[in-house]
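The values are calculated or read from the model by the stated rules, or taken from the named source; none is laboratory data. Keep in mind it's a predicted model, so treat the numbers as computed, not measured. Using ideal geometry, Cβ is built from the backbone for each residue, glycine included, and neighbour counts are taken over all protein chains shown.
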Amino acid sequence: MTRLFSHPHRDRAPRVARAGLVQPVAAVLTDRLDDVAVAEAAARIALARRVPLLLIAVMPPHMHCSAGPASPSVRAVLARVMPKVGPHATGYIPEVFHLPIGRSSRLAAAKELLALASRHRAPDVLAARRGPHGLDAHALIEAAALRGGPFVHAVAPAAWVPLRSSAP
């Protein structure tokens, strides 16, 4: 019997999970500072459920990644969150979502992204409260309500903590 998602190895490095019958927890990564908080919250939920993460990297419409999730631009987006996701030792499934070309309705991109998450059988999608046009958590919640899609969690940005200077 094959494993449905990766298990930690001695080096505790995150591994790419196999997309099977598992229901991964999806995290929408839009190449913003809020992505770290979104990925951390998704990793905590995935760890509790013992399922992998579905990391959806959102790319601009003009940037076509011929290599898909293995392209350098997608790896750069994923590299920002891997130090926070890795210690949780869950597997991950990388996926790419291209924003629609042109100025479509506010919910068009949200519906397409939720369709992508549904194809992977993700019952939960985590997104930042603020994001690009149509991909913030509020637009995803509205699109999920209209299409009967997955449950969308709004993640607040991480609290700013000032750097501590060494006291003399």
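Determine whether Arg119 is within 19 Å of Ala27 (Cβ to Cβ), modelled with pLDDT of 85 or more, loosely packed, with under 15 Cβ neighbours inside 10 Å and out of contact with any strand residue (DSSP E or B) (no Cβ under 7 Å at 6 or more places or on another chain).
Details: within 19 Å of Ala27 (Cβ to Cβ): yes; modelled with pLDDT of 85 or more: yes; loosely packed, with under 15 Cβ neighbours inside 10 Å: yes; out of contact with any strand residue (DSSP E or B) (no Cβ under 7 Å at 6 or more places or on another chain): yes.
Criteria met by Arg119.
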Quiz item: Does the range 83-102 contain any residue that is within 11 Å of the chain's Cα centre (by Cα) and either among the small types (Gly, Ala, Ser) or more than 22 Å from Glu40 (Cβ to Cβ) (or both)?
Solution: no
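Is there a residue in the range 92-108 that is over 16 Å from Leu135 (Cβ atoms), of a type in the set (Val, Ile, Thr) and modelled with pLDDT of 70 or more? Let's see the steps before the verdict.
If we filter the range 92-108 for residues that are over 16 Å from Leu135 (Cβ atoms), which is where we start, we get 92-94.
Still in the running and of a type in the set (Val, Ile, Thr): 93.
Now restrict to residues that are modelled with pLDDT of 70 or more: 93.
Yes, the range 92-108 contains a residue that is over 16 Å from Leu135 (Cβ atoms), of a type in the set (Val, Ile, Thr) and modelled with pLDDT of 70 or more.
Here is a yes/no grid of residues against (1) under 15 Å from Ala26 (Cβ atoms); (2) surrounded by fewer than 16 Cβ atoms within 10 Å (Cβ to Cβ):
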{"site": "Val74", "(1), (2)": "no, no"}
{"site": "Val77", "(1), (2)": "yes, no"}
{"site": "Gly102", "(1), (2)": "no, yes"}
{"site": "Ala115", "(1), (2)": "yes, yes"}
Quiz item: Is there a residue in the range 2-20 that is out of contact with any His (no Cβ under 8 Å at 6 or more places or on another chain) and modelled with pLDDT of 75 or more?
Solution: no
Quiz item: Could you give every pair whose Cβ atoms fall below 6 Å, whose first residue belongs to the range 78-107 and is farther than 19 Å from Gln23 by Cα and in a helix (DSSP H, G or I), and whose second residue is at pLDDT 85 or above and among the β-branched types (Val, Ile, Thr), counting only separations of at least 6 or pairs across chains?
Solution: Val81/Val36; Lys84/Val36
Quiz item: Checking Ala122 against (1) more than 20 Å from Leu53 (Cα to Cα); (2) of a type in the set (Gly, Ala, Ser); (3) part of a loop (DSSP other than H, G, I, E, B), which test does it fail?
Solution: (1)
